[in-house]
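Notes to accompany the following structure.
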Amino acid sequence: MDDDPDCPDIPESLLPDATMHGPVDTARRKLLRTAMSLSLAPALIAAFGVSAAQAASGRIEFRIVTAGLILGFSGGSGTLFFADERYRLSIGGVSLGATIGAASVDFVGRVRNIQRPRDIQGNYTAVGAGLAVAGGGAVARLRNARGVELEISGKQIGLKASVDLSGLRVRLRS
């Protein structure tokens, strides 16, 4: 070895063999890199990728019935269609404001970002512009704490009532 103070003494056994620089060594290195990449791929996909379950979607149908004189009552029921199954739902928590009369609204729409049926449960708040009403119809985009989004539209039947879907509560019925 040299007596250079900037170059540490490395034992001969740790230095690469002069015969390991040919085409065989290059092929080994490529094979080793490929094997390492393939062994790490599942972990990287799990850490950074979006699984098919996260991207799952379903369909929802529900009816909200409102009635009252000054103070109102509201409630409803519906169905979640997810993974080739039907799940019965209970709907509540809809804010009415001052109400005179009775009305019902039938909603249909898409459910996004759902992994399991129980993810539909929870309180929903408006996303973006919230509820838009035109000509007796309503369109809304709502999200719960689990990230499940409802993109729904509905048609009101009966006397006009002020239906605010923020605070909508959805539960699975047994």
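The values are calculated or read from the model by the stated rules, or taken from the named source; none is laboratory data. In this text, all values refer to a predicted model and were calculated from it rather than measured experimentally. Quick reminder, even Gly has a Cβ in these numbers, built from the backbone with ideal geometry, and neighbours come from all protein chains shown.
Does Leu89 count as at pLDDT 90 or above, within 18 Å of the chain's Cα centre (by Cα) and not in a loop (DSSP other than H, G, I, E, B)? Before you say what the answer is, go through the steps one by one.
Numbers: at pLDDT 90 or above: yes; within 18 Å of the chain's Cα centre (by Cα): no; not in a loop (DSSP other than H, G, I, E, B): yes.
Considered against the rule, which asks whether it is at pLDDT 90 or above, within 18 Å of the chain's Cα centre (by Cα) and not in a loop (DSSP other than H, G, I, E, B), Leu89 comes out as no.
Mind telling me which of the residues Gly68, Gly135, Gly72 ends up being crowded, with 20+ Cβ neighbours inside 10 Å, of a type outside the set (A, V, I, L, M, F, W, C) and modelled with pLDDT under 75?
On the way: Gly68 fails: crowded, with 20+ Cβ neighbours inside 10 Å; Gly135 fails: crowded, with 20+ Cβ neighbours inside 10 Å.
Step by step, each of Gly68, Gly135, Gly72 is checked, and only Gly72 is crowded, with 20+ Cβ neighbours inside 10 Å, of a type outside the set (A, V, I, L, M, F, W, C) and modelled with pLDDT under 75.
So Gly128 clears everything in (1) modelled with pLDDT of 85 or more; (2) part of a loop (DSSP other than H, G, I, E, B) except one condition, right? Which one?
Checking Gly128 against (1) modelled with pLDDT of 85 or more; (2) part of a loop (DSSP other than H, G, I, E, B), the one that fails is (1).
A quick yes/no check of all residues on (1) modelled with pLDDT of 85 or more; (2) crowded, with 17+ Cβ neighbours inside 10 Å:
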site: Glu85; (1), (2): yes, no
site: Ala102; (1), (2): no, no
site: Phe107; (1), (2): yes, yes
site: Asp119; (1), (2): yes, yes
site: Val139; (1), (2): no, no
site: Gly158; (1), (2): no, no
site: Asp164; (1), (2): no, no
